[in-house]
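A short reminder: the numbers here are calculations on the coordinates, not readings from a lab. Nothing here was measured: the structure is a model prediction, and the numbers come from that model. Reconstructed Cβ throughout: ideal geometry from the backbone, glycine too, with neighbour counts over all protein chains shown.
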Protein chains: 2
Amino acid sequence: MRADIDRLMTDRDLRALIVTGGEHPNTLRAYLSNGVDIHGGMVVKVRGSAPVLIVSSMEVEEAARSGLRVLTYDDLDWSQILKRTEGDSRKGFVLFWERILKEFAIPPGRIGLYGVGDLHVWIERVQELNAAYPGHPIVGESGLTLFDEAYVTKDPDELQTIREVAAKTSAVLQATWDFIGSHRADGTTVVKPDGSPLTIGEVKRFVRRELLDRELEDTHMIFAQGRDAGFPHSRGEDSQALQLGQPIVFDLFPRQLGGGYHHDCTRTWCIGHAPDAVRAVYDQVMAAFQIALETYDEPGQPTHTMQEAVQTYFESHGHPTQRSTPGTTVGYVHSLGHGVGLNIHERPSIHHLMKKDTFQQGNFITIEPGLYYPEQGLGVRIEDSFIIDDAGQLVSITNFPKDLVLPLKG
Amino acid sequence: MRADIDRLMTDRDLRALIVTGGEHPNTLRAYLSNGVDIHGGMVVKVRGSAPVLIVSSMEVEEAARSGLRVLTYDDLDWSQILKRTEGDSRKGFVLFWERILKEFAIPPGRIGLYGVGDLHVWIERVQELNAAYPGHPIVGESGLTLFDEAYVTKDPDELQTIREVAAKTSAVLQATWDFIGSHRADGTTVVKPDGSPLTIGEVKRFVRRELLDRELEDTHMIFAQGRDAGFPHSRGEDSQALQLGQPIVFDLFPRQLGGGYHHDCTRTWCIGHAPDAVRAVYDQVMAAFQIALETYDEPGQPTHTMQEAVQTYFESHGHPTQRSTPGTTVGYVHSLGHGVGLNIHERPSIHHLMKKDTFQQGNFITIEPGLYYPEQGLGVRIEDSFIIDDAGQLVSITNFPKDLVLPLKG
């Protein structure tokens, strides 16, 4: 939670943290800025003090929405510095850093640098800044980072937003089900009233409009049919017509329009009818889903045991898994789930090799078993998102049925 | 251009370049991968050889669309390594890097690391890798980078795509003009057939749908009215009703759906009629636009002179500029233009302090003078995007009129 950040800084012996990264969407910056993603700006947080934003003069109005103190680059003499270095922003930045250290009276000690941005720029810059200001060493962090630790539990305001996004996403699932179901078949092909095929591209367009109408945006949904459904991250072919009796993996993970909290859910549908082979695999995935839920006990429990329970079940039914056959591209090929939030993938991981992650109150996580056999034209995944509530209960917030067969009514 | 990359690597004494950055949208990675943005993957390019993609086994199918050689992380033993380090990805990555050096037989020498990603992760990682493999120092780059230099000129395929995106974006401008114009006024407020106000949020929703229908996506358009128009990067207030006689700055910079080439254009509209004060400022911005075009002569010319010509014009009419009054938030407060491409802001810059940038054949750039007086409820910006064609001519590809007054016909 945001409230943990000072403690997490102390754990890491950081005097200050600076979040930067130019114009790229930057969830870390938005997180510290109370949801406002300041394009091109920086956030400076001295331990024990509130974050302060540094933005271009053009972004002042947007930045003020954060409720935080806002400075402009020119309040810190950026234009004058750039003039002095004759437009050399590389040299200029070293001088600018000195102004930051002074403005915020950052005491000597480690400064954590975070953010999403141009790696090449900051690899060079950090080397230069560390040479110029050895009393204020800039440090990075991989593994379980300060932000990973903060993100892992959501505060009540975040959970409220997350529930709203979940309800909207579930409504889009329903609208998509109804939309497809309103069509009719010609032979094995789903067709529109004029007799032309209904394509995956048209379904995706429908979904994007339904999302927009609810102030959500698509972030590369998967709508993959038949063989494509057998590749977990194939997005599906826009030109392909919907066919009866083929499994369709529909993985929808939109976020609030303009960047914000995500939802993540997957359904597998067969239009008209389900062949026995699909039904059999579907039933096993549903059983794995139940096993996962039953494995959950209470906060503090390691996550990897849930993945292992699912792997044991799938292996006992003859499916390769990443545990039995590392690198397999058929069978059960991925982790069981992950945290979600401003980022689509956060901690905890539910993975057999990630032994240290645990379930915690305030988690917002997915559970998503699947089986994949592309050469058999087959893939099935079922996914809900869950929160772990104040009582420590694992509660699904994806409110949409898990029926396999989507009947046509057109 | 892509064809320049080996030469640009030689200029920088790079034996190889590696583009990485996790799941973040990563235009550098997409550029090297022929437009395919491989989520979570890496691109390895040894100087003189074609790029090779390294992706998770789940992304193989998507990655293959690039036409490039594709390896999986497990082809390079990632799962085995992670097992050996007991899930510690930080330790694991150092071992994984050794596998990359071996697999691609990278000779000793500098490796350029590029990409968009988690800065904190790579700041730490690069320190660890440089300590572990001193014969293969990893270097970053700020200032005018290898990719900046490559992006600055577009090849014929890119220009073809850019023209298509331009035509679609111009069509959306027309549709938006027609949509607003189909309404009527009640007093000074634009209203819908049922008499309720037409809001900025509703206009933006209309625009997003029109974009989607053309396989484009919004990237935070600006539709800012009155005082908000006076802050160049205010996005506009969704809840605000459209009003007669107030300047509206409409800056639309969509890209191809799912990431791709952008277009960038701005119009300033007054619905119903334009007050004299707005008209006067508008005429000056239009004059500045013409001056910019007339300043252009031929490829090789420095860009800063175009900005200076516009600044001289505005200053002679009593407006502060960033040259006369560094840090000003009123008057002419920004640069005159910038390159566009997969990224919304590329080189060259058209800025009075950026003395080294020049116009070149194959540039795709904006020209966008503006004047801003928020306390007077006033902001005006006019922007077209241009290419510099084979004949060295500066050619606008934004095909939409620059009328100020948008009449209501409802």
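Among the GluC sites (Glu not before Pro) found in segment B:107-205, not one is both in a DSSP coil and sparsely packed, with 11 or fewer other Cβ atoms within 10 Å of its Cβ.
Taking every DSSP beta bridge that has both ends in segment B:152-406, the antiparallel portion is near 90%. Loop-located trypsin sites (Lys or Arg not before Pro) across segment A:318-410 with a Cβ neighbour count of 11 or fewer within 10 Å are A:LYS409, with loop assigned by DSSP.
What is the angle, in °, between the Cα long axis of helix B:119-132 and the longest principal axis of the Cα atoms in chain B? Nearest 10 is fine, range 0 to 90. So the helix axis and the longest Cα principal axis differ by about 20 degrees. In chain A, the DSSP-assigned H stretches of four residues or longer account for a calculated mean residue ellipticity at 222 nm of -10000 deg cm²/dmol, using -39500 (n - 2.57) per stretch and the full residue count as denominator.
Only aspartates and glutamates eight or more places from A:LYS409 in sequence, or on another chain, were considered; those with a Cα closer than 19 Å are A:ASP178, A:ASP186, A:ASP194, A:GLU202.
With a Förster radius of 56 Å applied to the C-beta separation of A:SER239 and A:ALA50, the computed FRET efficiency comes to 0.60. Separation of segment B:262-289 from segment A:81-158 is 40 Å, based on Cα centroids.
Over 22 Å between Cα atoms, which of A:LYS204/B:LYS192; A:LYS91/B:LYS356; B:LYS45/B:LYS154; B:LYS168/B:LYS402 qualify? Before the final figure, lay out each step's value.
On the way: A:LYS204/B:LYS192 29 Å; A:LYS91/B:LYS356 15 Å; B:LYS45/B:LYS154 20 Å; B:LYS168/B:LYS402 17 Å.
Checking Cα-Cα distances, A:LYS204/B:LYS192 exceed 22 Å.
For segment A:265-327, a crude dipole built from +1 on the beta carbon of Lys and Arg and -1 on the beta carbon of Asp and Glu, taken about the Cα centre, is about 280 debye to the nearest 20. For the pair B:GLN290 and A:THR312, a Förster radius of 51 Å applied to the C-beta separation gives a FRET efficiency near 0.10, rounded to the nearest 0.05. For segment A:97-220, the spread of Cα coordinates along the three principal axes comes to 73, 35, 27 Å, biggest extent given first. How much of the DSSP beta bridge set in segment A:2-150 is antiparallel, as a percent to the nearest 5? Antiparallel bridges: around 35 percent, rounded to the nearest 5. Panel values: the protein assembly as shown, Kirkwood radius from alpha carbon pairs, Stokes-Einstein at 4 °C and 1.567 mPa s, translational diffusion coefficient 46 µm²/s.
The tail of the calculated P(r) for segment B:152-406, taken as Cα-Cα distances beyond 22 Å, holds 53 percent of the pairs. For segment A:251-314, the Kirkwood hydrodynamic radius from C-alpha pairs, put into Stokes-Einstein at 10 °C and a viscosity of 1.306 mPa s, yields a diffusion coefficient of 110 µm² per second.
Hey, what angle do you get for helix B:276-295 against the long axis of chain B, alpha-carbon based, 0 to 90 degrees rounded to 10? Computed tilt is about 50 degrees. Note on B:LYS102: aspartates and glutamates with a C-alpha under 19 Å away, same-chain residues under 8 apart excluded, are B:ASP74, B:ASP75, B:ASP77, B:GLU128.
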